[in-house]
Amino acid sequence: GPRAAKPGSSLGAAGRPVGSVARTPVRGWAVVLLCRAQGSSVVLISYTFGLFLPFIRDDLNISLLQAGLLQGVWWVTAATAALPFGAWFSRFRPVPVVLVSLVLSLPFLFMQALATGFVFLLLARLFFVLCHVIATPARTLLLQQWAAPRQYAQINSVGLSQHSVILALAVSTSALFITAAGSWRAAYLLMGGLMLVQAFAWVLVAQERKAPVRDIKSQLNEQEGTPLRALALYPQAWIIAAMMFFLSATWTAMVTFLPTLWLEERGVSLTLGGPLLGFLYYGLIPSGLIGGFLAHKIRNRKLLLGVPALFNVLFGVTIAFTTNPILLMFLITGLGIVWVATPAINVLPFEFPGIRPREVAVISSLVVTFSGLGFAAGPVVTGLVAQFTGSLQTGLVTLCLLTGLGVVASAVYPAHARNAAPPMLRADGDK
């Protein structure tokens, strides 16, 4: 079973882990949210692919199945690399790891704008994501280096709202931008320029000498054994991962193929489809902030996992059949709000008894792996079913019904959280 918490990770008189950061500094908020913005930019490049798809298909002459593969390779690559990268790169300081990831990925983003065919675009997307996944374990380590444990869920909630703002604006305006510019390639060049700006901002903001935990490398080296053992020690992690698989599959299927379904079968223009799809994020902008509240108030973790899984299926199937734009706005908003629980879900590994910082990074990488598999399976399964049936609607409905297995997965998760101290790194001055 899970190890007992080590001395030094027990709760002190003040009710917080001994040696942990008492309150997240302003720079700590900035570092973690800037890292989240970088992740949002990468996700944006995948999610807007559905809006670019009609233009890319005309330019490169690709089939629906090839379109599904172009979206799928993005997430298959993330899924394949996340776990080994999480185990290996969790031994390094997170700040430089994030910078290296950004610098390595940028050339492959610009290469996507220069793609001349299906294979070229496929390889550029594959290597771009591979470089991005290097930073996967850094995200949980940044929380532990810069933030107070009691604020993890709150910070993730603000990050979700920030993520929603970025993607809502981009999804709502990208079709208009492409139409005005007359080129999907220009959109990729613009996104590359924005990520270059983020790299410069990271150098200025993420200054390790100002972190609450400055000796992070030595503390990570103190953790004996492979962090991969956490996969066997904490079986509940696999349930979290499975649930995120199904949420992710529905999401990416929708953002990839809804614009094409509306355009080709319903006569809805992309200039209307883009803003409609943006409703996935509009509801999350304010509601994402309650993720921290949910983490503290919903002690029955089955509900925290199962309720979003159930509504994910119901909204997804209904959206595939709905033609009324007004009703679609409400349904798509609901599908987005399903993700309001994810900030709380993402901090569940921190409450596993006796878990250590590098092990949290590995568990988070497992969740990224399954999320990536879900994001990959969504468009591939939908595209495959659509290819054989001749109906995108059938493909979307089939995929959404399959994600009902997420409700089953949530039913076997432990009902209540244990009162365990979260893993922590010693703040500067605590020895």
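The values are calculated or read from the model by the stated rules, or taken from the named source; none is laboratory data. It should be emphasised that the depicted structure is a prediction, and the values quoted were computed from it without experimental measurement. Counting neighbours? That spans all protein chains shown, and the Cβs are built from the backbone with ideal geometry, glycine included. Surface accessibility is based on the protein's heavy atoms, side chains included, excluding ligands, DNA and RNA. Shrake-Rupley method; radii C 1.70, N 1.55, O 1.52, S 1.80 Å.
Things to note:
- Identity of the residue in the stretch 248-276, at pLDDT below 75 and of a type in the set (A, V, I, L, M), that ends up most open to solvent (accessible area, probe 1.4 Å): L272
- Residue in the stretch 138-150 that is within 14 Å of L33 (Cα to Cα) and touching a Gly at 6+ places or on another chain (Cβ under 6 Å) present: yes
- Criterion: among the polar types (S, T, N, Q), under 25 Å from V380 (Cβ atoms) and surrounded by 21 or more Cβ atoms within 10 Å (Cβ to Cβ) - qualifying residue of S105, S101: S105
- Test: L123 is surrounded by fewer than 22 Cβ atoms within 10 Å (Cβ to Cβ), in a helix (DSSP H, G or I) and either touching a residue at least 12 places away in the same chain (Cβ under 8 Å) or hydrophobic (A, V, I, L, M, F, W, C) (or both): yes
- Every condition in (1) in contact with a Pro (Cβ under 9 Å, 6 or more places away or on another chain); (2) surrounded by 21 or more Cβ atoms within 10 Å (Cβ to Cβ) holds for V129 except the one numbered (1).
- Counted residues, the stretch 45-63 - those being open to solvent by 10 Å² or more (accessible area, probe 1.4 Å) and touching a Ser or Thr at 6+ places or on another chain (Cβ under 9 Å): 6
- Checked against the criterion of being closer than 21 Å to F92 by Cα, assigned to a helix (DSSP H, G or I) and of a type in the set (F, W, Y), the candidates W251, W262, W238, W202 yield just one match: W202.
- Pairs meeting the criteria (first residue in the stretch 318-331 and over 21 Å from L401 (Cβ atoms), second residue open to solvent by 20 Å² or more (accessible area, probe 1.4 Å) and not polar (S, T, N, Q), beta carbons under 6 Å, at least 6 apart or on different chains) are M329/F279.
- Filtered residue count, the stretch 321-337, keeping only those that are polar (S, T, N, Q) and at pLDDT 90 or above: 1
- Test: residue in the stretch 335-342 that is farther than 15 Å from W251 by Cβ, of a type in the set (S, T, N, Q) and surrounded by 18 or more Cβ atoms within 10 Å (Cβ to Cβ): no
- Selection count where residues are of a type in the set (A, V, I, L, M, F, W, C) and out of contact with any Pro (no Cβ under 9 Å at 6 or more places or on another chain), scope the stretch 263-283: 2
- Single condition V197 does not satisfy, out of (1) touching a residue at least 40 places away in the same chain (Cβ under 8 Å); (2) surrounded by fewer than 23 Cβ atoms within 10 Å (Cβ to Cβ); (3) under 30 Å from F55 (Cβ atoms): (1)
- Among the candidates V307, V368, V360, residue that is part of a helix (DSSP H, G or I), under 29 Å from T136 (Cβ atoms) and open to solvent by less than 20 Å² (accessible area, probe 1.4 Å): V360
- Filter pass, K217 being surrounded by fewer than 22 Cβ atoms within 10 Å (Cβ to Cβ) and at pLDDT 85 or above: no
- Scanning the stretch 156-190 for residues that are of a type in the set (V, I, T) and either within 20 Å of D59 (Cβ to Cβ) or surrounded by 24 or more Cβ atoms within 10 Å (Cβ to Cβ) (or both) gives V171, I178, T179.
For (1) modelled with pLDDT under 90; (2) farther than 19 Å from G192 by Cβ; (3) under 16 Å from the mean Cα position of the chain (by Cα); (4) not hydroxyl-bearing (S, T, Y), each residue gets a yes or a no:
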residue: L109; (1), (2), (3), (4): no, no, no, yes
residue: A113; (1), (2), (3), (4): yes, no, no, yes
residue: G117; (1), (2), (3), (4): yes, yes, no, yes
residue: L130; (1), (2), (3), (4): no, no, yes, yes
residue: V133; (1), (2), (3), (4): no, no, yes, yes
residue: L143; (1), (2), (3), (4): yes, yes, yes, yes
residue: P149; (1), (2), (3), (4): yes, yes, no, yes
residue: N156; (1), (2), (3), (4): yes, yes, yes, yes
residue: V171; (1), (2), (3), (4): yes, no, no, yes
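- Set F293, F279, F321: member being surrounded by fewer than 16 Cβ atoms within 10 Å (Cβ to Cβ) and under 24 Å from the mean Cα position of the chain (by Cα): F293
- Screening the stretch 64-98 for residues that are of a type in the set (S, T, N, Q) and within 19 Å of L126 (Cβ to Cβ) and picking the one that is most open to solvent (accessible area, probe 1.4 Å) gives T80.
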